[in-house]
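Values quoted throughout were computed directly from the atomic coordinates according to the rules given, and no laboratory measurement underlies them. Nothing here was measured: the structure is a model prediction, and the numbers come from that model. Every residue, glycine among them, receives a Cβ derived from its backbone with ideal geometry; neighbour counts consider all protein chains shown.
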Amino acid sequence: MADCGAADGPVKKDDIVRAKNEGKELTKEEKQRLRKEKKHQKKQKDEKRPSERAKEKKPVAPSQPVATQPPTQKAPTVLPASAPIPVPASGAPSHSSPAPSPADKPAKSRAEQKAERRARQDADRASKQQSCFSSSKTKAPPSELNPVVKRLPEHVQVDDPAVVKRLAKKLERQQIPLRSDYGYKVSLFSHLHQYSRKAPLTQQLSIPSTVIHPSIVRLGLQYSQGIVVGSNARSVALLHAFKQVIRDYTTPPNEELARDLVNKLKPYISFLNQCRPLSASMGNAIKYIKKEISNIPSQFKEEEAKTKLQKCIDCYINENVVLAAKAISKYAIKKISDGDVILVYGCSSLVNHILCEAYDKSRKFRVIVVDSRPRLEGREALRRLVQRGISCTYVLISALSYILPEVSKVFLGAHALLANGYVMSRVGTSQIALVARTFNVPVLVCCETYKFCERVQTDSFVSNELDDPDDLMVTRKGKTQLENWHDVSSLGLLNLVYDVTPPDFVDLVITDLGMIPCTSVPVVLRVKNLEQ
Amino acid sequence: MELQAVLMAAGGGSRMMDLTYNTPKPLLPVGNKPLIWYPLNLLERVGFEEVIVITTKEVQKMISTDPKVKLDVKMKLDLVCIQEDADMGTADALRHIQQKVKTDVLVVSCDLITDAALHEVVDLFRAHNATLSMLMSKAHEFTETVPGQKGKKKTGEQRDFVGVDGTGKRLLFMANEADLDEGVVIRKSIMRKHPRMHIKTGLVDAHLYCLKKSVVDFLADNKSISSIRGELVPYLVRKQFSKSTNSPKVIDETHQNLKKNDSNISSRDEELLHLTQERSCWNDHRGDMSDAYHGGRLRCYVHIMDEGICYRVNTLAAYIEANRLAPKLFDEPAVHPSAVVSERCLIGADSIIGASCQISDKTSIKRSTIGVSTTVREKVKVTNSIIMHGVTIEEGCNIQGSVICSNAVIGRGADIKYCLVGSAQRIEPDAEVNITYHYKSITYNNCHKVSK
């Protein structure tokens, strides 16, 4: 097996090398093989010795042994790219991965043969080990047949220059400008992006934007300037913009709508991600829309397909936002009794909706709105509730422990519910939940099911969003204290957007499927995945 | 397509007739480039690929035939001609091209020289879904002496009163002194919605407007509006706050009519937009009980530039100032490579020499602009002046603070201070001309002072 692979190796490699040297187009299989080779080598490069991985064309002493073996039997062992002949794992039905590396110099020298033999022995040893232990090393590169191992998303690896370069290359390919980070980042959060609102992405775009659809540019601007804020509003606006995109879309000749439209949406999503990191609800909406687009049967004409997609989007919003809000209000109103004092934090569209509905159903209660700097979103919540006629009290979060003895329930909104039961919400929510638990006040989180996401997080550091640090500057009586914070080298301003609340502090989650405890979130996710 | 650019180049330059009686305003040379090049360059830099240029037949002819007028732009120019004597205002011109307008428009005037970041204006237009978005700049005092004027003349132009809200972006009030009888009148409805208003008078309107397509359609229906700046903009600013009690706003009607013409999809989109605004916890103001934008559908925004160049070349003083500052806007070398400049002449760093010039020995050129194909003979001193194309300056002249228009001939030894010499005029040798406009074809018997 290995021999024939090795024998084929130089021949195939020869072809490829010849083709490349002659500048001819590589055939499809060759291209695929090349791609797989490159991917494999990159993975080897990343996890093993970072230095001496010479480029493919450079010859290096072939006596470099293969370091660690990929765990699964199916993944072939590949010598460092420098060695001319890679050796497939023994017994592995070579699914064409042990393609010859397109290195020059196909001549098999004695040293190379030795290396080949050694590699084969290592592969044998590895397969024996594998059958003994059958536990995959977590650092191993996932093979094509093991897709469960997930990678870290790029937006939490900003301090890794390789990742940043990769992102820059991807954006360049999609013709999206790269937004540069701003200001000094606090060291604990230096792995996240931090942008300035005064440097919008549009200053690097041409004005009648041709690469990106105008409604997407408008949406990106509205995100980055904070005109569209809140998980629900952002998803609805996103789907609205996608509707415009679909309406203005025409299938290019020789392309299928199902595949081409998805490819068209990718740069838009990168652009929106650059303007403001996507929320979990937006991510789920995008997944849904991509699935719907790929499921369009090929015999549909363009007009039919577009109408169908528009209907799907309307349906999605109707079910997951409008009707879900109605259902959640119905459940939540059961929990609100007359004489209640309800505490809310910030401005959650869902919680406001619930309270307005409850007031319309003639429940007698009063609301305490807790607010925090720098966003001060509670003022907007206060305005909406008072406009309805609900009697409200307004405090800042520093007064929380003074006001909690009066409170009978706490209603919180959520940005996303994570798979381990943690609630991701506006920064300050975990404080509220903690203090409420201390006072034995029940905490109810209201969240639609489309905001449930499969991520797992136990702290607010790993994945978060850093807002513009200049928002923390405030001008009182004509003086801005932090005006020159850039000049003070030891000073960093941190403006976090989200935090995670552990499930021990949350008593109940009210979703459109009913009232569930926080730990049932993975069950809901599993059921949803089964449905799909 | 997102925006279409429309360049208004049909104006007559009524405030500087001395310069424009022979050359149409869009083709006046500023820094040796025609005036119309500057807004076209601005649009090209920003990324526009085609521009609709509304101009007169004369200008169109000169652009296509005259080799001295090179536009050097890669964009596609769609020239639309209108009659010169039709006396069309800018709004009339926009109505004229209504059929070509398919999306929102960006209207620019041909006499705008600026290095503003256009994305600021357009971002306001996009983000707030505004009906009008415009550019203004803090006015700078003109420091150069204007030929033909004794001393600094007080600008007889009437002031503009511009009212903006606390953020400085939303346009609340705009009126010209000429339209106000006794004082500034501000309606109570505006004060109730925006209790804090900043009223500014020292602003220059750059005449750069982003208008929604529905405004162009509205213009087509209302033929009484003839000037964008004079009538349309104040109308839109007022309409932001007008109550729609008996009849809906005319512009709203056009909005609604358009929406009805599209299919049901638009109405669903409206619902979605409404849902977004409802769920989003953002408000543009605080302190009262109303929703974002006070529930108004019509919004006007302005971007006020603090720093940077922004000039409208519609008076002689502005023309001279623009000539001083224009070289900063492009990177070409000050002395054109094809100019023949002898080594023994003194050319200051802030002077521009045009193509195919001939500058002879012992000349001194300071803070001046020398046009294309101009001949300057020996021992000439040119200071603070603008020499246009094809001028011949004989030996020993001394030109200070003047504007010499194209194809003029300045005789030997003439001494010209703070004058404006019209096209193809001749100044006799040894004349001493001071502070005058010389554009009549009177030949002087000289050696005496000629002053205004």
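Compared with the direct C-alpha span, the chain from A:M515 to A:K334 gains 64.1 nm at full extension, assuming 0.36 nm per residue.
From the alpha carbon centroid of segment B:1-78 to that of segment B:198-248 is 25 Å.
For segment A:166-277, compute Rh as the Kirkwood radius over C-alpha pairs and then the Stokes-Einstein diffusion coefficient at 25 °C and 0.890 mPa s; write the answer in µm²/s, rounded to an integer.
It comes out at roughly 161 µm²/s.
For the pairs B:K25/B:K362; A:K243/B:K138; A:K170/A:K243; A:K198/A:K291, flag any whose C-alpha to C-alpha distance is greater than 30 Å.
B:K25/B:K362; A:K243/B:K138; A:K198/A:K291
Restricting attention to segment B:8-96, close to 20% of DSSP beta bridges with both partner residues there are antiparallel. Once segment A:402-443 is represented by equal point scatterers at the alpha-carbon sites, with solvent omitted, what log10 I(q)/I(0) does the Debye formula produce at q = 0.29, 0.32 Å⁻¹? Scattering profile of segment A:402-443, log10 relative to I(0): -1.06, -1.16. Only beta bridges with both residues in segment A:432-526 are counted; by DSSP, about 65 percent of them are antiparallel.
The DSSP beta bridges internal to segment B:1-160 are antiparallel in roughly 10% of cases. Take the Cα coordinates of chain B, assign each an equal point scatterer, and use the Debye formula without solvent to give log10 I(q)/I(0) at q = 0.06 Å⁻¹. Scattering profile of chain B, log10 relative to I(0): -0.31.
Separation of the alpha carbons by more than 22 angstrom is noted, of A:K264/A:K311; A:K165/A:K287; B:K328/B:K366; B:K193/B:K243, for A:K165/A:K287. Per-residue shielding of B:127-133, expressed as the average number of other chain Cβ atoms within 10 Å of the residue Cβ, stands at 3. The alpha-carbon atoms of segment A:342-497 define a convex hull whose volume equals 143 cubic angstrom per residue. Two-decimal Rg/Rh of segment A:423-532 from alpha-carbon positions, Kirkwood Rh? Answer for segment A:423-532: 1.12.
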